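> Quick one: this structure, given as structure tokens, is what I'll be asking you about.
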Amino acid sequence: MKEAERERPPGRPRSADIDAAILAAAVDLLIERGIDAVTIEQVARRAGVTRATVYRRFPDKIRLLVAAIGAGQDASPPPPEPVDIEQMLAIWARHLALPRLRKLTRRLMTSLHDYPALREAYWNASIRRREEAIRASLEHARDRGRFPPSADLGVIQTILTGAVGTHLTTQPDATSEDEIRDFLLAVLHQTGYRSGERPV
């Protein structure tokens with residue numbers, strides 16, 4: 001039996017270290033080799049556990065991948081109230097300045113559409129809430145007069161998320177947080193957005 005899997009007494013909570021090792025192994029494989037490489041067997045080998053240990057936590061590959069992606073992105077539920085849109089972009093920049101997260105996000109952007117079942121599961125587990133939170137922040141900014149009344153928030157949301165994809169695929173992974181924030185803010189201002197409280 002491998003070191004990471006010593007038998008635990010009945011009723012003892014399962015090892016958080018093993019959980020983390022499994023998810024980290026799945027993220028590593030996803031970044032390095034793509035979705036096809038993330039098999040239960042390969043994850044178990046990388047994590048130093050048996051396949052049974054992985055299956056007890058994740059009965060199938062899709063659930064394993066959704067959990068691993070969430071862990072790799074350090075995902076947390078969106079805030080209950082809309083955040084200031086510039087604060088939102090600053091949060092995006094902070095995350096996009098992390099090379100490992102950039103690589104994971106880039107991998108997902110370029111491959112999820114080839115795996116409809118995984119895309120649907122990930123959408124329901126995470127993306128839907130994020131999209132709703134982004135829309136709420138845009139509406140909050142519009143209601144405060146930051147966008148022209150005629151602004152199409154759906155188009156603006158597409159532009160901003162497209163800007164993230166453009167940055168991920170064209171700029172070095174060593175780009176600083178400040179540079180990323182300035183880039184996103186420049187894109188935002190091109191949509192008609194204006195800083196400050198004065199209505200436009």
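The values are calculated or read from the model by the stated rules, or taken from the named source; none is laboratory data. Just so you know, these numbers come straight off a predicted model, no measurement behind them. With ideal geometry, Cβ positions are generated from the backbone for all residues, glycine too; neighbour counts draw on all protein chains shown. Note: areas computed on protein heavy atoms with side chains; ligands, DNA, RNA excluded. Shrake-Rupley method; radii C 1.70, N 1.55, O 1.52, S 1.80 Å.
> Take S126 and decide whether it is of a type in the set (G, A, S), crowded, with 16+ Cβ neighbours inside 10 Å, assigned to a helix (DSSP H, G or I) and at pLDDT below 95.
Answer is yes for this residue.
> Okay, moving on. Going through segment 38-49 one residue at a time, which ones are assigned to a helix (DSSP H, G or I) and open to solvent by less than 30 Å² (accessible area, probe 1.4 Å)?
Listed by number, the residues that qualify are I40, V43, A44, A47.
> So, one more: Can you name every residue in segment 108-120 that is over 11 Å from the mean Cα position of the chain (by Cα) and open to solvent by 30 Å² or more (accessible area, probe 1.4 Å)?
Scanning segment 108-120 gives T110, H113, D114, Y115, P116, A117, R119, E120.
> Criterion first (open to solvent by 60 Å² or more (accessible area, probe 1.4 Å) and not in a helix (DSSP H, G or I)) does P172 satisfy it?
When the stated conditions are applied, P172 passes them.
> Any residue at all in segment 88-106 that is open to solvent by less than 50 Å² (accessible area, probe 1.4 Å), farther than 17 Å from A71 by Cα and without any contact (Cβ under 8 Å) to a residue 60 or more places away in the chain?
yes
> In the set R94, R106, which member is among the basic types (K, R), at negative phi, modelled with pLDDT of 90 or more and in contact with an Asp or Glu (Cβ under 8 Å, 6 or more places away or on another chain)?
Exactly one of R94, R106 is among the basic types (K, R), at negative phi, modelled with pLDDT of 90 or more and in contact with an Asp or Glu (Cβ under 8 Å, 6 or more places away or on another chain), namely R94.
> Which one of these is at pLDDT below 95 and open to solvent by 30 Å² or more (accessible area, probe 1.4 Å): A75, A52?
A75
> Also, I was wondering about something else. Of all residues in segment 138-154, which are open to solvent by 30 Å² or more (accessible area, probe 1.4 Å) and either touching a residue at least 12 places away in the same chain (Cβ under 8 Å) or touching a strand residue (DSSP E or B) at 6+ places or on another chain (Cβ under 7 Å) (or both)?
Residues satisfying the conditions are E139, H140, R144, P148.
> Given the structure, is I35 under 26 Å from W123 (Cβ atoms), in contact (Cβ under 8 Å) with a residue 60 or more places away in the chain and surrounded by fewer than 20 Cβ atoms within 10 Å (Cβ to Cβ)?
Judged against the criteria, I35 is a match.
> From the list R135, R194, which residue is more than 18 Å from the chain's Cα centre (by Cα) and surrounded by 14 or more Cβ atoms within 10 Å (Cβ to Cβ)?
After ruling out the rest, the residue left standing is R194.
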